[in-house]
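This report refers to the structure that appears directly beneath it.
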Amino acid sequence: MSTTEAVLVSVRALMMRYGSTTTLEDVDLDVPAGADMALTGRSGSGKTTLLLVIAGLLVPTQGTVTWPGLDGNPRVRRGQIGMVFQAPALMPELTALQNVTLPLRLRGVDRPTAERDALEALVAVAAADLRDALPTQLSGGQQQRIAIARVLAGRHRLVLADEPTGALDRAHAFEAALALRDGVAAVGGALVLATHDPELAELFDHRVAIVDGSVRHSVRTS
Ligand SMILES: Nc1ncnc2c1ncn2[C@@H]1O[C@H](COP(=O)(O)OP(=O)(O)OP(=O)(O)O)[C@@H](O)[C@H]1O
């Protein structure tokens, strides 16, 4: 990583313990601005834990997490960070377009701008034709694409994705994850995506593997 590259999040000497079980130990990690980063590790290795620490939603047992490239005010910073989870968690009574528009409207974006940005995000995940469908009329994969569009429309500085394509078949999982990666990159954001799939991780510039509580960070050089 270049020393001139801005760092959004910096984790140092992180230790995370639940009860008597140590999940993460002596973890150092920088998330560079604009980077795409895949976080791999077996089930229970601590991927979700690390994402929650990076988001500032979980306080480490020991060590520090700072956000040098994000706003110093935690409330503003939270708005700079978008999250997407394995379950799409769409509002059942709202159409796909309304689901994508809602967080923008709640942030005070006027309706025409919110709808324009939401439609652009739906196009990015090849779901523009689903704009008027209710979640119950959509397959699980289609719902997840709407959830991905929702986070893309937020144009966050940093997006944290926790196995967002874990419930999809492999071909659709790759397609959705790459739409997320490219959509975040298109607005200059950084993405940290947790995945079980090492082949998917290979498609990311930064790969962070959690093995026995420690992280190994590799960066694509070519
Ligand atoms: N709130 C909690 N209380 C107690 N133990 C927890 C808590 N959250 C996580 N753990 C434990 O910490 C370990 C890491 O969990 P975590 O969810 O971070 O792993 P993960 O790599 O995301 O797993 P998966 O791939 O299955 O989602 C697991 O052993 C889990 O049981």
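Values as computed for the structure displayed
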quantity	calculated
Count - residues of the stretch 86-105 that are crowded, with 18+ Cβ neighbours inside 10 Å and either touching a residue at least 40 places away in the same chain (Cβ under 8 Å) or in a loop (DSSP other than H, G, I, E, B) (or both)	8
Subset tally (residues that are under 21 Å from residue 8 (Cβ atoms) and part of a strand (DSSP E or B)) for the stretch 18-34	7
Whichever residue in the stretch 134-160 is in a strand (DSSP E or B) and within 20 Å of residue 120 (Cα to Cα) and, among such residues, is farthest from the chain's Cα centre (by Cα)	158
The stretch 48-90: number of residues that are away from the ligand (no atom under 16 Å from the Cβ), touching a Leu at 6+ places or on another chain (Cβ under 7 Å) and within 26 Å of residue 121 (Cα to Cα)	5
Close pairs (7 angstrom Cβ cut-off, 6 or more residues apart or separate chains): closer than 11 Å to residue 14 by Cα in the stretch 49-60, assigned to a helix (DSSP H, G or I) and within 12 Å of the ligand (Cβ to nearest atom) anywhere	60/53
Hits in the stretch 35-65 (condition: part of a loop (DSSP other than H, G, I, E, B) and buried (at least 19 other Cβ atoms within 10 Å of the Cβ))	35, 41, 45, 46, 60
Listing of strands (runs of 3 or more DSSP E) fully contained in the stretch 170-222 that carry 1 or more residues being over 19 Å from residue 28 (Cα atoms) and not acidic (Asp, Glu)	190-195
Residue check, residue 182 charged (D, E, K, R), away from the ligand (no atom under 16 Å from the Cβ) and either in contact (Cβ under 8 Å) with a residue 12 or more places away in the chain or farther than 20 Å from residue 77 by Cα (or both)	yes
Residue satisfying all of: in the stretch 106-156; under 20 Å from residue 193 (Cβ atoms) and of a type in the set (S, T, N, Q); surrounded by the most Cβ atoms within 10 Å (Cβ to Cβ) among these	144
Where residue 188 falls short, out of the listed (1) of a type outside the set (A, V, I, L, M, F, W, C); (2) surrounded by 15 or more Cβ atoms within 10 Å (Cβ to Cβ); (3) modelled with pLDDT of 90 or more; (4) in contact with a Gly (Cβ under 8 Å, 6 or more places away or on another chain)	(2)
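The values are calculated or read from the model by the stated rules, or taken from the named source; none is laboratory data. Model, not experiment: these values are computed from the prediction. All Cβ positions, glycine included, derive from the backbone under ideal geometry; neighbour counts span all protein chains shown.
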